[in-house]
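Working notes for the structure below.
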Amino acid sequence: MNLFEGHGNREAKIRYLDGDFQILSPGSYVVCAMTGKQIPLDELRYWSVARQEPYADVISSLEADKRAGVLPNQRR
């Protein structure tokens with residue numbers, strides 16, 4: 001059985017780690033913190049460990065970093 005099979009179409013609860021994530025509550029997707037888009041777990045590539053948020057793509061991740069004021073040379 002595949003890791004992502006058998007959990008229905010519900011949101012997973014995830015703990016985001018450096019370079020990996022831990023599934024706390026099974027599900028088939030997470031919701032992007034910036035766009036609200038559902039991200040299938042097998043397509044999840046971008047997240048913030050500090051903010052514990054998933055992102056649909058690199059653009060959403062960059063926008064979240066801008067909003068948080070954590071980019072180099074960014075004034076707060």
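The values are calculated or read from the model by the stated rules, or taken from the named source; none is laboratory data. It should be emphasised that the depicted structure is a prediction, and the values quoted were computed from it without experimental measurement. In this analysis, Cβ positions are derived from the backbone assuming ideal geometry, glycine residues included, and neighbour counts consider all displayed protein chains. The area values use the complete protein model at the heavy-atom level, side chains included, leaving out ligands, DNA and RNA. Shrake-Rupley method; radii C 1.70, N 1.55, O 1.52, S 1.80 Å.
Helix-only mean residue ellipticity at 222 nm, the chain, DSSP H runs n ≥ 4 weighted -39,500 (n - 2.57), per residue, nearest 500. What is it?
Roughly -4500 deg cm²/dmol at 222 nm, from the helical runs in the chain.
List, largest first, the extents of the alpha carbons of the chain along their principal axes, each in whole Å.
48, 22, 15
Among DSSP beta bridges lying fully in the chain, give the percent that are antiparallel, nearest 5.
Expressed as a percentage, antiparallel bridges in the chain total about 90.
Only Lys, Arg, Asp and Glu count, each charged at its Cβ (+1, +1, -1, -1), so figure out the dipole size of the chain about its Cα centre, rounded to 20 debye.
Around 440 debye, computed over the chain.
With a 1.4 Å probe and every protein chain left in place, work out the accessible area per residue of the chain in Å², rounded to a whole number.
Result: 70 Å² per residue.
Tell me which residues come under 5 Å, amide H to amide H, from V30 once H is placed; ignore anything under 5 positions away on its chain.
Under 5 Å from the amide H of V30 lie the amide H atoms of A12, I39, L41, each far enough along the sequence or on another chain.
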